[in-house]
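One structure is given below, encoded as C-alpha cells.
Bear in mind these aren't lab numbers, they're just calculated from the coordinates by the rules spelled out. As the structure is a prediction and not an experimental result, all values here were calculated from the model. Here the Cβ positions follow ideal geometry from the backbone for every residue, glycine too, while neighbour counts run over all protein chains shown.
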Amino acid sequence: MKACPMNALASRVRTSRRQLLAAALLAAGCVGLPAGSAWAQAAHKGGAANLAMIGEPQSLDPMVSSTDLVGTIMQHVYEPLFTFDAQWNIQPMLAQAMPVISADGLTYTITLRKGVKFHNGKDMVADDVVASLQRWMEVSARGKAVGQEIASMTAKNPQTVEIKLKAVYAPLLAHLAMPSGMAGIMPKDVVAPVLKDFIGTGPYKLKERKPDQFTVLARFDQYAARSEPASGYAGKREAQLDELRFVPVPNATTRVEGVLSGQFQYADLLQVESVGRLEKAAPNVVPIVTQNFGFPYIVFNTKEGVLAKKELRQAVQTAMGPAEMLLAGFGDKRFFAAEPNFFAKGTPYYSDAGAKLYNQKNPQLAKDQAAKAGYKSEPIRIMASRQYEFHYNMALVMAEHLKRAGFKTELQVVDWATLVQRRNDAKLWDVYMTHSGLFPEPMLSPPQMGSGAPGWWETETKKAALAAFNGEPDVAKRGPLWGKAQALVYDEVPFVEVGKFNALSARSSKLQGYQPMPWPFFWNTSLSQ
C-alpha cells in the first residue's frame, strides 16, 4: 500500500488532539452533480462549496441522531450553550460566559447571550433553552443519561437558566458541548417529539434537502456571532459562503476522484492508500491528516444471545488479535497504533489497567475459557458495514481469530443505516463493529460508557465505578478513578477498543480558512477565484 511519510502530510495540516467520532455515518446511493443544474451554475455572492460526505444523513434532527454525519451538517444550523475550542477546552457559545457553579457543585447558573436570533427571526430566550434541553433529555441517548443527573431546570428570567443536579456530575458541560447527539437550542414553539421545522441559531439555515442527492444550507444574514477569535468550534463564526452543499458519496474512491477533479471542494474520510495521488495533485489539492482521529471498537450484546455471559465475552477477547485487525483495516502502520490504553500518555486519563488482556490472540486459552463457560457451538453473529471498509476488514480478521479458537461465526454485512437500526434489537446480533473518538472527557465516548446504548451494559460494578468517577470534579483525582473504570471494561468486556487510528480527508486549495477538526465545519471558510 502506497503512503507518503506522515511528516510530509502533517507539515501541510497537523491536527494534534483532533479526535473523533461516536458511532455511525449513513450511506445511500452515490450521485453526481448534474451538468446544467444549480450545482453547476456560477456561484452567487460568496460562492457555494460542494462537500462530499460519506453518506446520506439518516435525519436532520441533531438530538435524535448521534451519528457524526448529522452532527457535521447540523452544527451549522443549531448551536449549543457551550462548545470546545482547538485545545478541547469548554467555552461558551450561546451562553454569555461559563456558568456560575455553587460551592456544593449542585447548581449551575447560566446567563444567555442577548440579541441571538433564530432563523425564524425570533429572539432566543431562556424558555427556548429549557424546552430544548428538556426535549434533548427525552429523545437523545446522551441527553437521557444526563437527565438522570438533573433535579430541576428552570428559566429564572429571560436571560438566565438554572440547572440543579442531584449530585455532583463532572461531565455536565462536556455533554452540553458535544456536536453529536447535540443539545442544540431551538425555538420553544417548534419543539416536538418529531421535528417538522429545523430552526436554530447557527450561521447557516436549512434551505433544501433531497434524500440521496444533497442537503443545502444557506447563509443566515441575521446571525449573531461571538466576538472572541475563532478557535476550534469556539469564538467567532462567520458564514462567508452563500451555500454549503453536502453531497452523499458513499464510495471513497468516488470522493477521491471528485476532489481531484475539482468537483468537490472537500472530501471526507478517504482511504489511506489514496494519499499518494492526493499529494501528487498539489498544490491544487491539500491532504488533511487528522492525528488520533478515533478508535475502532467492537460492541458485545450483553443482554441476549450467546455473549450475554461475561465468561464467553472474555473468551472472545482472549481469541482476538487487535494488532492484526488494525493492520487489515488500515494497512499502513503510520496510520494506526495498537495499544491497550484508552487515552494517550501524558493525558490525565492515561492508564495501563487491563493491558495484559489486550491483543492476546491466544486460541487455545480462548477455547479452554469457552468450554469452561459452557459454549455449545452457537454461531456468533458479527455485524459490520462495508461503508466503513476498515470495519469490514477488521470483522473478517476477527472472525478468523474466533474460528481458530473453536467458535462458529456468522458475518452479517449490511449497509450502515441497517446496522444502526438492527443494533437496537438485542435478538438480531451478538457483535457489531463501529468506531468512536477520544475526547478529553471519558464519558463522552463511547456511548456504552453511559446507559441505554446498544450492548446494554448495566451492572452494579459499572454503576459504582462511574458514580465515583463522575462525582469527582478534580481532574487529578479523576485519573486514578478512570483507571478502575478501564480495568472494569477489560474484565466485563462490554466492548473491546481495538486501537487508535489517524484519518485522511482532502480539500481543494481554493477552500480558504478551513481548520480541521473531527466534525468538519465550514463557517469561516471562503472560496478563492
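The table for this structure:
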| read-out | value |
| --- | --- |
| The stretch 295-502, dipole about Cα centre (Lys/Arg Cβ +1, Asp/Glu Cβ -1), debye to the nearest 20 | 340 debye |
| Estimated inter-spin distance, ALA282 and LYS164, nm [label 7 Å along Cα→Cβ] | 6.0 nm |
| Evaluated at q = 0.14 Å⁻¹: base-10 log I(q)/I(0), Debye formula over Cα of the stretch 94-231 | -0.70 |
| Of LYS122/LYS164; LYS144/LYS477; LYS117/LYS205; LYS310/LYS372; LYS356/LYS477, pairs whose Cα-Cα distance is over 18 Å | LYS122/LYS164; LYS144/LYS477; LYS356/LYS477 |
| Additional length obtainable on full extension of the chain from GLN360 to THR107, 0.36 nm per residue less Cα span | 86.5 nm |
| Mean separation of Cα contacts under 8 Å, 6 or more apart, over the residue count of the stretch 295-502: relative contact order % | 38 percent |
| Estimated inter-spin distance, ALA337 and ASP212, nm [label 7 Å along Cα→Cβ] | 4.2 nm |
| The chain - charge dipole about Cα centre, Lys and Arg +1 at Cβ, Asp and Glu -1, debye rounded to 20 | 500 debye |
| FRET efficiency, THR461 to GLN96 (Cβ-Cβ, R0 56 Å, nearest 0.05) | 0.85 |
| Order of LEU94, LEU69 - criterion: other Cβ atoms within 10 Å of each residue's Cβ, fewest first | LEU94, LEU69 |
| The chain, relative contact order [Cα under 8 Å, separation at least 6], % | 23 percent |
| Taking N as its residue count, the alpha carbon Rg of the stretch 295-502 over 2.2 N^0.38 Å | 0.97 |
| Spacing of the two label points (7 Å from each Cα toward its C-beta) at LYS477 and ARG404, in nm | 4.6 nm |
| Per-residue Cβ neighbour rank within 10 angstrom, fewest leading, TRP523, TRP456 | TRP456, TRP523 |
| ALA468/LYS196 FRET efficiency (R0 41 Å; Cβ-Cβ; nearest 0.05) | 0.45 |
| Dipole of the chain [Lys/Arg +1, Asp/Glu -1 at C-beta], most positive-end residue of LEU411, ALA192, ASN502 | ASN502 |
| 10 Å binning of all Cα-Cα separations within the chain, expressed as whole percents from 0 upward | 4, 19, 29, 27, 16, 5, 0 |
| Estimated FRET transfer efficiency (SER227, LYS122; beta-carbon r; R0 22 Å; 0.05) | 0.45 |
